[in-house]
Amino acid sequence: MLIGFSVGNYRSFKDVVTLSMVAAEEANDNDELDKNNVFKVNQQFSLLKSAAIYGANASGKSNLILAFNFMRRFVMNSAKLQITDKMIIFAYGIVKCLLGNTFRTILWKKLSV
């Protein structure tokens, strides 16, 4: 399960931005919304079941999806890559190698005992 995703120096993202699925602790007047979209991991930690990405034209929505796709392909093909392989990705404003780009994911998996 994805808890958070951060990307920086990629396409239109110069600085690091983060999409977090951690639910805010703010009190919500609509209990039905919390019931349908929030689940408790433990007493101090709740996660969102879904999130929406919206914004003005040219604000980076598509580039965030492209960053997700890049990370997915990177993880899926990581066993095939060699240390000497070069990867070309689109950095902020230019094309450059992977070095210097920031991709972070925070994953959570419940371990069954």
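The values are calculated or read from the model by the stated rules, or taken from the named source; none is laboratory data. Quick caveat: nothing in here was measured; it's all calculated off a predicted structure. Here the Cβ positions follow ideal geometry from the backbone for every residue, glycine too, while neighbour counts run over all protein chains shown.
Brief remarks on what is shown
- Of everything listed in (1) hydroxyl-bearing (Ser, Thr, Tyr); (2) in contact with a strand residue (DSSP E or B) (Cβ under 9 Å, 6 or more places away or on another chain); (3) at pLDDT 90 or above, the single unmet condition for residue 18 is (3).
- Residue in the stretch 103-112 that is outside any strand (DSSP E or B), in contact with a strand residue (DSSP E or B) (Cβ under 7 Å, 6 or more places away or on another chain), surrounded by 11 or more Cβ atoms within 10 Å (Cβ to Cβ) and at pLDDT below 85 present: yes
- When the stretch 62-79 is filtered for residues that are in a helix (DSSP H, G or I), small (Gly, Ala, Ser) and farther than 11 Å from residue 7 by Cβ, only 62 remains.
- Figure legend. Inter-residue proximity from the stretch 42-66: first residues more than 16 Å from residue 17 (Cα to Cα) and without any contact (Cβ under 8 Å) to a residue 40 or more places away in the chain, second residues surrounded by 10 or more Cβ atoms within 10 Å (Cβ to Cβ) and of a type in the set (Lys, Arg), beta-carbon distance below 8 Å, spacing 6+ or different chains. Indicated pairs: 46/40.
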